[in-house]
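Shown next, in structure tokens, is the structure this report addresses.
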Amino acid sequence: MRYRIRFTKRAAKDVKTLTGKLQTKLKEILRNRIARAPYGGKPLVGELKGYYSVYLTFKDRIVYTAHNDELVVVIIRASTHYGE
């Protein structure tokens, strides 16, 4: 069972700032990892409880949430949170 992937406006903007190589890596992670097993990411705590995180690079993360009833994963961010 695969989940469909959706992006928030912010996440879509993040993707546009990534290099071509990182965009390719992001697509691979989304297709082969998150769409197949969305709860395999690191569960976040605090204000982001209910969200999950997967590393894209050492400093960039993919932050997302999954909706079982619709089989949809919503990508919230696809960039760094350092220095913001």
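Bear in mind that the values in this text are calculations on the coordinates, not laboratory data. Given the structure is predicted, the values throughout are model-derived calculations rather than measurements. For neighbour counting, all protein chains shown are included, and Cβ atoms are generated from backbone atoms with ideal geometry for every residue, glycine included.
Can you find a residue that is assigned to a loop (DSSP other than H, G, I, E, B) and basic (Lys, Arg) anywhere in the range 60-78?
no
Check the range 39-57 and report whether any residue there is crowded, with 17+ Cβ neighbours inside 10 Å, assigned to a helix (DSSP H, G or I), within 12 Å of the chain's Cα centre (by Cα) and aliphatic (A, V, I, L, M).
Within the range 39-57 (the criterion being crowded, with 17+ Cβ neighbours inside 10 Å, assigned to a helix (DSSP H, G or I), within 12 Å of the chain's Cα centre (by Cα) and aliphatic (A, V, I, L, M)), the answer is no, since none of the residues qualifies.
Pull up the range 3-35, narrow it to residues that are of a type in the set (Ser, Thr, Tyr) and free of Cβ contacts under 8 Å to residues at least 24 places away in the same chain, then point me to the one that is surrounded by the fewest Cβ atoms within 10 Å (Cβ to Cβ).
The extreme case among them is 19.
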